Amino acid sequence: MTASTVHYRVGNGDMHLVEIEGGRKLLIDINVRQPGPDVPDVITQLRKRLKRDAEDRLFVDGFLLTHPDQDHCRGLKEHFHLGPPETWSKAADKIIIREMWSSPIVFRRASRDHQLCDDANAWACEARRRVKRFRERGVGPDGERVIIMGEDVDGKTDDLGPILVKADGEFSRICGVTGRFTARLIAPMPASDDDEDEFLSKNNSSVIIGLALEADGDPDASRFLFGGDAEVGIWEKVWDRNKSRKHVLEYDVLIAPHHCSWRSLSWDSWSDYGEGAEVSEDARSALGQARSGAEILASSKQIKDDADDPPCIRAKREYKDIVAPQNGTFACIADRSGTDPYEIEVTYAGHKPKRPTVAATVAVATGIGATPLPHG
Amino acid sequence: MPRSVARALRLIALHPSVRGIESHFDAATGVTDAVVRIDAHLPSRWRVRGHSDNGVLAIEPVSIRFTPDYPLREPYIVLRADFDRSHPHLQPRGPNFPPEPCLLFGSVRELLQSRDIIGVIDQLVEWIGRAALVRLNDPVGGWEITRRDGIHDLVILNSGWVRSLAGRDGGCDGFGAGYAATRENGAPETYRVLLSDIRHGLSENDCRWSGQVVSDSERYGFALALVAWSGRTPSGQPFIAASYLPETVVDVASLHARAHALGCGDQLRAKLDLLQRRMRGKTSRAAQPCIIILLARRPFNLTGGHSPIEICPYLIELFGNDELGPTSHKPVRLVAPHDQVSPNLLREASGEDGAGSMRWTLLGCGSVGSKIATHMMRCGRGPSRLVDTAPMRPHNYARHALFPMNVSEQHQGVNKASLLASSLVGFTDGKMALAAIAADIPMAMGDPAKAGAVFGTEADFVVNATGSLVVREALSLPQVTVIRPRCVETCLLGAGRLAYMAVEGPAANPSVADLAAEAYRILAADNVTAAAVFGPEAEATRISIGQGCSSLTFPMTDAHLSAMTAPIAVALGKLHATGLPMAGGEILIGLGADDGLGQSWIRQPVPPWTVVETASERGPGVRVSARVDASIAREVAARPGSETGGIIVGRYSDVTDTFHVVDVLSAPPDSRFSADEFVLGIDGLSERIDGLVERNGGALYPLGTWHNHLVTSGHSAKDLATALKLAAVQIFPLLMLIHTPGGYRTLVTEFIEHRPAGGPLGEAA
């Protein structure tokens, strides 16, 4: 099975499924809204792609929550099993998360600046349960596994050894087994003082991860960069920390951070400054390490030429400028007609967006796929 | 431009992967030529560069020609002339034709009709995208066989057998073959070779060939065929020829190179060296063909097949003193493998796997039997022996699987088994004989040698499709059940309204006779089936209950008979594939709809019966169904400390002298139960018995009574008196079944009249 990624149509939100060569599945964020005329039934689309284990439970191998905002974890409680795997019930038939990939923000207490929605609280609660279990009994089986992405302040994560990935750390294991990928944790980075720690909460605590996916024997066939909702300050810090080794920021596919928000590229408000807003050169550099033929993908609503942010038309223009010298492309998940997610196949010659299906474009004109094929 | 073509061009332009389209209509010919520019959706690095490693362009121009008979005829689609021709999915047209993509495993014409031109274009887009990645071979779609642009000759072979030669270790063996070389209208000579499985040792003697020349354009003879296959790699894994290579063999040197690439170079080399020595000093004016077959083990199954072994045949013409070493430029011809009809091929074409190798004998080659045999033959699971006593009559052709000859050739009175065998033998590969036996089955059962000849010594099971009660009874004779294979019975019932299939248990328990009795009980229990089989309409044919396919009794169309018989063949095929049930037997009954459109089937497992007595000179056999046994045990348990009883129902066979007990009637309400005795009452009992017999048309009837003893003991004096009293009015033996803690006891009484001169008295025995 070749590697591929699936990017669901969740409006201004994120929901990506990375299918690693060999079959492992990593889910990155979810935003499961009530299906309606303009809201695809993404959970059904997701479930169709998942496999069942020996006990008939749907599962994802890994689930990375970049940060605990509602548009990144909506639907968690309703659709995912939380608690020990033995308490799973066929009647509810929820999805098992074999291994949680969580930012250390789950260890923070709620505060005025740190209010969590129900789903985020549920995530934090489950992550803490799994960490507790690890502290008591060591690394657990599938359904009990957790990996903490980044160190927390005050040494809170110092005892997590095998389940902690530090900033700049690289790893290839999922569910305790080596997979055909290499992940690099770019952020969160350790805070240097209390003020900065405060600044780093929520959006700015976003996990930024680079994923090199293997295909047909090439271990670096295509590199994906997921930036969650990280804003300009973080991208500046990312650049500062990595400018001497900028290859670690290279990508073939970038998910434009914060739903193609201008705030990831500039300190100036788009609605206030308009075209006068200035781009942060450091943030642009951090987001500008596009490889030849790279694609930047906006997980957002359709991008209109207006004062909205996100998604922001100016950000789109900036991203198009970034990929232009590389003969790259920019796409928005919402641009295609129909309800199907945006899919990317990974090959030994790079990534390749799945071509639009005919059914979604001219089916009405042709009545495709309607007539059975008789055999004589 | 025809409207249909204009419409097609408009639709093509709508396809999301079409980047441009130019067309030209030639009014003189009515032909429209279009060049469609298709986005190959190359991966990022190739897209930037503009082409894939194998030269597929980011935007591929494709020529599409619409002839005036479009859309009845599909458009002719070709790629640019310099498109890489090593792709496996190009049509094998040869270098003089433009490269033509093989779009699908099926008919483009049908695709056009089912999904319109847009569906064809979609397939083309998919093809180009996959061609760029060389992913035209994949485990799901199957391994595409080596594309060859020019074929010279033809070899007919049993592909299943040839593939079976490729064992764990590499090898190369010689086999005999027959050939015909013909030349038509001045064209070059072509060979048609029939491969046999007879080993050819390449001895001096074996290699002296002499062909028979019929004319300038026709000659025949025997030939050598070498089959070579790969073995294991140094790590012990099977050698896999995993890279796709287009055909490159043109001479003996390139044949050696190809064999090497397929992992069987050394094996072939050894045999060709030997053949070269054998040809030394010989000269021949006419070419002596030698077939070389290389077996390539692919990483996954071939497209549309169930095996990863690709058969690659070639032909070398020997003239004597031939140079056959790895540097020889002696020409090698390309040969197309054609499968011969064989059970393996038929199984594959039927979507069946190789499971099941049981041999079986068909008893009865009438309409039902011939249909079952044909269905089974066509899926590679046919019988190896056919038995019938009757000759084929003209009216039999109304429903028989065989076709009549023309009037002058019709042989009146030829045995059905022989005719059917001569028709079906073409389905076999000659490895398994198809025997036809003309025998009177019931009569043959009296003699173990004759019975053995009927069943065949190697048969794993036998299918009784005679529709004959007497055959069923004869098969159930105790001395026959111990020597014959397990039996499956099939027939139609109720004027063809129902189909019946019974699968005997191991050691004939339950036997076909037990199962028939059980089936009558099941049929009588349902209003619809009871009416169909035992009702007034069936009254006229009451005598033929259980033998529904008698043509004179039940006129019906061939279509109806086939429809009712086909599911039997389906079930039989599954049995053949998975084996007969390990414990007990089963009954399948199909009921056809009133209008003949549809059927409903039931499948009833039947556990082994309790054999209380086996028929012998000492007395009749007594067999009790598991259901009755359980029912009696329940009734006994319900009256602890008391005797109880009832009426036993079933069949008595005169032929096998055996009682088959399949049901019980409960004791009437005025019966008396005590520790000393059970007295069977009469209240309403006659009516119940009449109702039962009427309902099942007399197929099942009271056989006698049952009661229990609280201690293990035989019949009492009281029992004997009752039995004698009942026997006096019963025209067949009366069975009294006694349930005791130590098992069943039986008492069989029969009233046999001795009529000495003037003696009016009867005597009970």
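The fewest-to-most ranking of A:C175, B:C491 by surrounding Cβ atoms within 10 Å reads A:C175, B:C491.
Once a ≥ b ≥ c are taken as the square roots of the eigenvalues of the Cα gyration tensor of the range A:4-361, is the result rounded (a/c under 1.5), prolate (a/b larger than b/c) or oblate (a/b not larger than b/c)? Rounded shape, in that the Cα axes give a/c under 1.5. Under the definition of partner shielding as Cβ atoms of other protein chains within 10 Å of a residue Cβ, what is the mean value for peptide A:349-357? Per-residue shielding by partner chains comes out at 6.
Computed over chain A with a Gaussian network model linking Cα atoms closer than 10 Å, the most mobile of A:P257, A:P40, A:P190 is A:P190. Counting Lys and Arg as +1 and Asp and Glu as -1 over every other residue whose Cβ lies under 9 Å from the Cβ of B:F239, the net charge comes to +2.
Out of the DSSP beta bridges found with both residues in the protein assembly as shown, what percent are antiparallel (nearest 5)? Display every interim value, and only then the final one.
Values: 145 of 214 bridges.
Counting DSSP beta bridges with both partners in the protein assembly as shown, the antiparallel share is about 70 percent.
Computed over the Cα atoms, what is the radius of gyration of the protein assembly as shown divided by 2.2 N^0.38 Å, N being its residue count? After normalising by residue count via 2.2 N^0.38 Å, the value is 1.27.
Hey, got the average number of other protein chain Cβ atoms within 10 angstrom for residues in B:5-17?
Shielding by partners across B:5-17 averages 2.
Share of antiparallel DSSP beta bridges in the range B:348-606, in percent to the nearest 5?
Around 60 percent of the beta bridges assigned by DSSP in the range B:348-606 are antiparallel ones.
Note on B:M279, B:M377, A:M100: ascending count of other Cβ atoms within 10 Å places them as B:M279, B:M377, A:M100, the fewest first. Legend: mean number of C-beta atoms from other chains within 10 angstrom of residue C-beta atoms, peptide B:509-520, equals 0. Model label points for B:W209 and B:A507, set 7 angstrom from Cα along the Cα-to-Cβ axis, are 5.9 nm apart.
Extension gain for the segment B:R73 to B:R232, taken as residue separation times 0.36 nm less the Cα-Cα distance, is 52.4 nm to one decimal.
Could you tell me which of rounded, prolate or oblate describes the range B:610-752, using a ≥ b ≥ c as the square roots of the eigenvalues of the alpha-carbon gyration tensor, with rounded for a/c under 1.5 and, failing that, prolate when a/b is larger than b/c and oblate otherwise? Taking the square roots of the gyration eigenvalues as a ≥ b ≥ c, the range B:610-752 is rounded. Seen from A:R314, the other residues with C-beta closer than 13 Å to its C-beta sum to a net charge of -4, counting Lys and Arg as +1 and Asp and Glu as -1. With both residues required to sit in chain B, DSSP beta bridges show an antiparallel share near 75%. Considered as an equivalent ellipsoid built on the Cα gyration tensor, chain B has semi-axes of 69, 33, 25 Å, the largest given first. The local environment of B:E677, defined by Cβ-Cβ distances under 9 Å, has a net charge of 0 under the rule Lys, Arg +1 and Asp, Glu -1.
Approximating the spin labels as points 7 Å out from Cα along Cα→Cβ, the A:Q70-to-B:T283 distance works out to 10.0 nm. For the range B:5-81 versus the range B:415-460, the inter-centroid distance based on Cα atoms is 61 Å. Applying 0.36 nm per residue to the separation of B:A257 and B:F97 and subtracting their alpha-carbon distance, the gain on full extension is 54.9 nm. Take every Cα pair under 8 Å whose residues are at least 6 apart in sequence, average their separation, divide by the length of chain A, and the relative contact order is 15 percent. Once both labels are positioned 7 Å from their Cα atoms along Cα-to-Cβ, the gap between B:E22 and A:E281 label points is 4.8 nm. Measuring r between the beta carbons of B:T557 and B:Q113 and using R0 = 25 Å, the FRET efficiency lands at 0.15.
Using a/c under 1.5 as the rounded threshold, could you call the range B:348-606 rounded, prolate or oblate? The axes a ≥ b ≥ c are square roots of the C-alpha gyration tensor eigenvalues, and prolate needs a/b larger than b/c, oblate otherwise. Verdict is rounded for the range B:348-606.
Ordering B:F319, A:F107 from the fewest to the most neighbouring beta carbons within 10 Å gives B:F319, A:F107.
Computed from the coordinates by the stated procedures, all read-outs in this text should not be read as laboratory data. All values derive from a computational prediction rather than experimental measurement. For neighbour counting, all protein chains shown are included, and Cβ atoms are generated from backbone atoms with ideal geometry for every residue, glycine included.
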